[in-house]
Every structure is written in C-alpha cells, then in structure tokens.
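What follows is a single structure, written as structure tokens, with notes after it.
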C-alpha cells in the first residue's frame, strides 16, 4: 500500500528516477522542466528541503512498498494560513484515483501539520484530468488563474 511521506534527503534518488521515468508523460500536460532541472537535481532537492525546514513550504512523496516514488505533492507560498498545491503522479498509476485520494489525504493533514486553512491550485486549461482530480478532492473553481500563463481554472479547498 503506498504511503504519503514528507520529503527528506534520502528520497532524492527515487524522486529523480520518478521524474526521469515520467518526463515525456508530464511534458504532455505541463511545460518540460528542461535538461538543467535534471542536471542540477541534487542542488534543487537541497533547496526544496531548505524551504521546508524554514517552514515556508512542504513537500510530500507517495512511496510504493518497493521504495519507488509514485507521486510528488507540493505545498508552497505559505502565507496567512494559505498555500498553493501542486502535484504529479506517475503515468502507470494515472486514472486510478490515486492522485485524488492523496490530494484528499494531504488536505486533511495540512491544518494539523502546517496550520493551513486554505489551499489553492491552478491547472492548465487543457489539463482536464487535473481539474477532475481537484474537483473530486473537494476543490471549488473560483475563476481563471492569472500567473504563469496557466489560463485554466483556479480552485480552492
């Protein structure tokens, strides 16, 4: 049974393997991160952990029984009890309700662990699958997203 765990330094190899294995799949719905992301992954992973340690972000991974990463879930831009949510799941588990269940679980634990009362998420206009996940997880559309050229709905839970 997969387990949602807060990101730590030891997750780096499995997270990189997850990103590389799913790179083409992710690029079909969101902008590709580019070779630099993978080339500098160790430094980027350390920077994520530093932000988490500072209490301004929180990162989670959904880990399979074999230790592989099935998904990444990010809470960022903490401010006055709110944060933004981002996530991605492996292609081989997409469409099976795993992302929806994990987003729901993350929503439940954010108040206790991080003092968050409101989560925001935004999707690309064409990313109907992500919009469906967020709706099923209890997010409510509030209007078009403004930053980053996403152009899709912005939702809150």
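The values are calculated or read from the model by the stated rules, or taken from the named source; none is laboratory data. These numbers come from a predicted model, not from an experiment. Methodologically, a virtual Cβ is constructed for each residue, glycine included, from the backbone with ideal geometry; neighbour enumeration extends over all protein chains shown.
Things to note:
- Scanning region 89-99 turns up one or more residues that are assigned to a loop (DSSP other than H, G, I, E, B), within 13 Å of the chain's Cα centre (by Cα), closer than 23 Å to residue 48 by Cβ and at pLDDT 95 or above.
- Of everything in region 142-157 that is in contact with a strand residue (DSSP E or B) (Cβ under 7 Å, 6 or more places away or on another chain) and surrounded by fewer than 14 Cβ atoms within 10 Å (Cβ to Cβ), the residue that is modelled with the highest pLDDT is 142.
- Evaluation of residue 1 against (1) in contact with a helix residue (DSSP H, G or I) (Cβ under 8 Å, 6 or more places away or on another chain); (2) loosely packed, with under 14 Cβ neighbours inside 10 Å; (3) assigned to a loop (DSSP other than H, G, I, E, B); (4) in contact (Cβ under 8 Å) with a residue 24 or more places away in the chain (one fails), failing number: (1)
- First in region 33-47 and at negative phi and modelled with pLDDT of 90 or more, second anywhere and surrounded by 12 or more Cβ atoms within 10 Å (Cβ to Cβ) and assigned to a helix (DSSP H, G or I), Cβ under 6 Å, 6 or more apart: 41/16; 45/12
- Applying the set (1) more than 23 Å from residue 56 (Cα to Cα); (2) in contact (Cβ under 8 Å) with a residue 40 or more places away in the chain; (3) crowded, with 17+ Cβ neighbours inside 10 Å to residue 99 leaves exactly one unmet item: (2).
- In the set 10, 51, 67, 71, only one residue is within 19 Å of residue 109 (Cβ to Cβ) and out of contact with any strand residue (DSSP E or B) (no Cβ under 6 Å at 6 or more places or on another chain); that residue is 51.
- Residue match in region 56-67 (condition: closer than 23 Å to residue 23 by Cβ, assigned to a strand (DSSP E or B), modelled with pLDDT of 95 or more and more than 12 Å from the chain's Cα centre (by Cα)): yes
- Members of region 9-31 that are under 15 Å from the mean Cα position of the chain (by Cα) and assigned to a loop (DSSP other than H, G, I, E, B): 22, 29, 30, 31
- Residue 80 being at pLDDT below 95, exposed (fewer than 12 other Cβ atoms within 10 Å of the Cβ) and either within 15 Å of the chain's Cα centre (by Cα) or on the phi < 0 side of the Ramachandran plot (or both): no
- Check on residue 113, under 28 Å from residue 14 (Cβ atoms), at pLDDT below 95, exposed (fewer than 15 other Cβ atoms within 10 Å of the Cβ) and in contact with a strand residue (DSSP E or B) (Cβ under 9 Å, 6 or more places away or on another chain): yes
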